[in-house]
Amino acid sequence: LPSANQIHFTKLKGGALKLLTMTIWNQEGALTRYQTSRIYALVQSSTASVSLVSSICILCMIYRSHQRLFTTFNRLIFGLCVADLLSSLALSLSTLPIPPEHVNPINAIWNARGTVASCSAIGFMTFIGTSAVPLYNSSLCLYYLSVIKYELSDEVINNKIEPWLHFISIGFPLLGGLTILFLDSFNPLLTFCWIAPSPWGCGMDGDSPCKRGEMWLIPFVIFSIAPLIVLPCIICISMCRMYSTVREYEKRMQQYSTGWRRNSIGGTTNTPEEVPARTSPREHDDEHDDEHEGEDGVSQENPRGERRNSFIGQIKQWRRSSVTRNRDPDPFERFNNNRNRESRTILYKAIAYSLAYFATYMFYIIIYIYAFVGIEPGFALEILFRIFTPLQGFWNFIIFLFPRVNSAMRSNNGDITWSKAFFLALSSRGPTLSAQNNRRRPTLSLRSSLRNALDRSSLHLPHDV
């Protein structure tokens, strides 16, 4: 087997890549740094490119839609996609912006053709994108929480809440990125530029001083570790509160809908068997017939023993009340169904975007935990990290497009294929702004909504609602 210097010389002269690929294993039988960086870089570039295309598609769909940036949701999704576009573009370049460090190709990073300045610039872009994405995910959860739990109006959300969501989602990454850039702490890792000293491991043993990034640890903890602890807590708490609120709505509406049905029978809460009979002339005659019954329960005028009591009248009365109830439908029923459906839809979308966040950053968090306890992540975990971490844009695209695909299938009564529905959803411009305004989301308070429904009935709402 030729030596490393001979391989490097041959590569420079004739580009003999076959000789170079013969040395992918070192003497201990493990992958060399060059080979692992090549595998990691190819995987990372592939998934990041998918996420990049997905984010661009969402931005184009928002631009083509009737609503564009006139709604809070579209503006938050726009910010989320722009942040993912920055991070995906930076990660798709993989090792290209990294400056070459070693003359020996076996210990070098694969395809490292950049400079210190290019690594700092791409590291800044990566940090801005990967920091703003989870912040916008949390902003979506807080927006949904304000809609479902606190039932705030669009005007309050647009003027008092949304500006702060954008300010924090953009301001915090910019502050952190400029601070790290000022401290020269954007340096190369194996396949991307991130917060690290240069060279890696310097300053820990005291023998090898750092050339760049001596104070990398402080901004790393503040701007990278702290959000990984705080933001998942915000998302989980928001999900729990939204779910409990939706469940409370459903229980209360079911309670008052059941109460209305009972009161509609005769103004009381009696069951059909307990409703007193209002006698008709025919029923009045039946009651007089009962007075002639003997001790054996057989009527003297009815020798066959046909017993006539008030139970028949109760059944007839209950049937008449059922007809009346059908003419006067439950005022809660339509409101209950619409409100539960809209609340559930909002809740499911919030859960979907939250799951996209955890699917993206799950292995990212696991690797940090491994590093904190001093465990080597291993080849499989590094591969999973580079597969899932750049895919935030892809998950957003699936969640954003799925309602449109489902709507296309329903509008065609399921007579089209999923692929055709997919292309119809891509070309769709979504609902118009006027249609969106007419189809109001459930921001009206529960008490007010119930009272509006009760105005059309004789039931009075308790004060403890």
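The values are calculated or read from the model by the stated rules, or taken from the named source; none is laboratory data. Worth saying up front: this structure is predicted, and the values here are computed from it rather than measured. Note that each Cβ is placed from the backbone with ideal geometry, even for glycine, and that neighbours are counted across all protein chains shown. Note: accessible area is taken over every heavy atom of the protein model, side chains too, but ligands, DNA and RNA are not part of it. Shrake-Rupley method; radii C 1.70, N 1.55, O 1.52, S 1.80 Å.
Taking H placed 1.01 Å from N in the peptide plane, check which residues at least 5 places from LYS211 or on another chain put their amide H under 5 Å from its amide H.
SER198
What's the Cα-based Rg to Rh of segment 143-185, Rh via Kirkwood?
1.26
For segment 48-180, what is the charge dipole size about the Cα centre, in debye to the nearest 20, if Lys and Arg each add +1 at the Cβ and Asp and Glu each add -1 at the Cβ?
Result for segment 48-180 is approximately 180 debye, rounded to the nearest 20.
Accessible area, 1.4 Å probe, largest first: how do ASP415, ASP84, ASP184 sort?
The most accessible residue leads, giving ASP415, ASP184, ASP84.
How big is the shadow of the Cα convex hull of segment 125-263, averaged over all directions, in nm²?
The Cα convex hull of segment 125-263, projected and averaged over all directions, gives 11.5 nm².
Heavy atoms only, probe 1.4 angstrom, no DNA, RNA or ligands counted: give me CYS240, CYS193 ranked by accessible area, highest first.
The ranking, largest first, comes out as CYS240, CYS193.
Across segment 222-237, in residue order, what do the Karplus-derived ³J(HN,Hα) couplings come to in whole Hz, using 6.51 cos²θ - 1.76 cosθ + 1.60 with θ = phi - 60° and x for Gly and Pro?
Whole-Hz 3J(HN,Hα) from phi for segment 222-237: 6, 9, 10, 6, 4, x, 5, 8, 7, 5, x, 5, 4, 5, 5, 5.
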